[in-house]
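The values are calculated or read from the model by the stated rules, or taken from the named source; none is laboratory data. Keep in mind the model is a prediction, meaning the values are calculated, not measured. Because the Cβ atoms are built from the backbone with ideal geometry, glycine has one as well, and the counts that use them run over all protein chains shown.
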Amino acid sequence: MSDCSDSISARLQSLGLTLPAVPAPVAAYVNCIRTGNLLFLSGGLPIDGDRKILGKVPTDVSIDEAKEGARIIILNRLAVIQEEIGSLDKVRRIVALNGFVNSEPDFYGHPQVINGASELLVEIFGDKGKHSRTALGAAALPLNVAVEINLIVEIED
């Protein structure tokens, strides 16, 4: 992580958050593609070291646990962004967030789960963290994770 003079770094520290090591892709893709001043981030999974949020919401995983999984994903994705551009202070805006919830067919609380990610982005970036969003249910997700999220982020030129 950057030194504490980095304002987003300081904000993370004030929230008691640290960025994990950048997760390695689990299949044939890359974490991030940059085109112009946009970063397109691949779907992140709720895995932090040995901690994994796995299963169907709400039967195997509670809404609160899945929401925490969405927060873990955002920290993973921020680690990818920092590796790509050197400092999270170069983020101009979180443009779009697409969230997928591994859910039972009769579960309709996808927005509640994805709020874990959306709310954290606003906590960290303020107005720059406000974004467009999709929150969908899925019959299954890779590795049986409870949630997967990808992002589009505008950065400084």
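For region 48-77, taking the residues that are touching a helix residue (DSSP H, G or I) at 6+ places or on another chain (Cβ under 7 Å) and aliphatic (A, V, I, L, M), the one that is nearest to Ile124 (Cα to Cα) is identified as Ile74.
As for region 129-140, it holds no residue that is within 13 Å of Arg77 (Cβ to Cβ), part of a strand (DSSP E or B) and touching a Phe, Trp or Tyr at 6+ places or on another chain (Cβ under 6 Å). For Leu45, the criteria (1) of a type in the set (A, V, I, L, M); (2) within 12 Å of the chain's Cα centre (by Cα); (3) within 18 Å of His131 (Cβ to Cβ) hold in every case but one, which is (3).
Does at least one position in region 82-103 carry a residue that is over 20 Å from Leu41 (Cα atoms), modelled with pLDDT of 95 or more and touching a strand residue (DSSP E or B) at 6+ places or on another chain (Cβ under 7 Å)? Yes.
Annotation for region 102-124: no member residue is of a type in the set (Phe, Trp, Tyr), assigned to a strand (DSSP E or B), more than 24 Å from Leu15 (Cβ to Cβ) and in contact (Cβ under 8 Å) with a residue 24 or more places away in the chain. Of the residues making up region 48-61, those that are surrounded by 15 or more Cβ atoms within 10 Å (Cβ to Cβ), modelled with pLDDT of 95 or more and either assigned to a strand (DSSP E or B) or not charged (D, E, K, R) (or both) are Lys52, Ile53, Leu54, Gly55, Val57, Pro58, Val61.
Within region 30-45, is there a residue that is aromatic (Phe, Trp, Tyr), under 26 Å from Ser7 (Cα atoms) and either surrounded by fewer than 18 Cβ atoms within 10 Å (Cβ to Cβ) or touching a Phe, Trp or Tyr at 6+ places or on another chain (Cβ under 8 Å) (or both)?
Our first condition is that a residue be aromatic (Phe, Trp, Tyr); within region 30-45, this holds for 40.
Still in the list and also under 26 Å from Ser7 (Cα atoms): 40.
Then keep just the ones that are either surrounded by fewer than 18 Cβ atoms within 10 Å (Cβ to Cβ) or touching a Phe, Trp or Tyr at 6+ places or on another chain (Cβ under 8 Å) (or both); that gives 40.
Scanning region 30-45, I find at least one residue that is aromatic (Phe, Trp, Tyr), under 26 Å from Ser7 (Cα atoms) and either surrounded by fewer than 18 Cβ atoms within 10 Å (Cβ to Cβ) or touching a Phe, Trp or Tyr at 6+ places or on another chain (Cβ under 8 Å) (or both), so the answer is yes.
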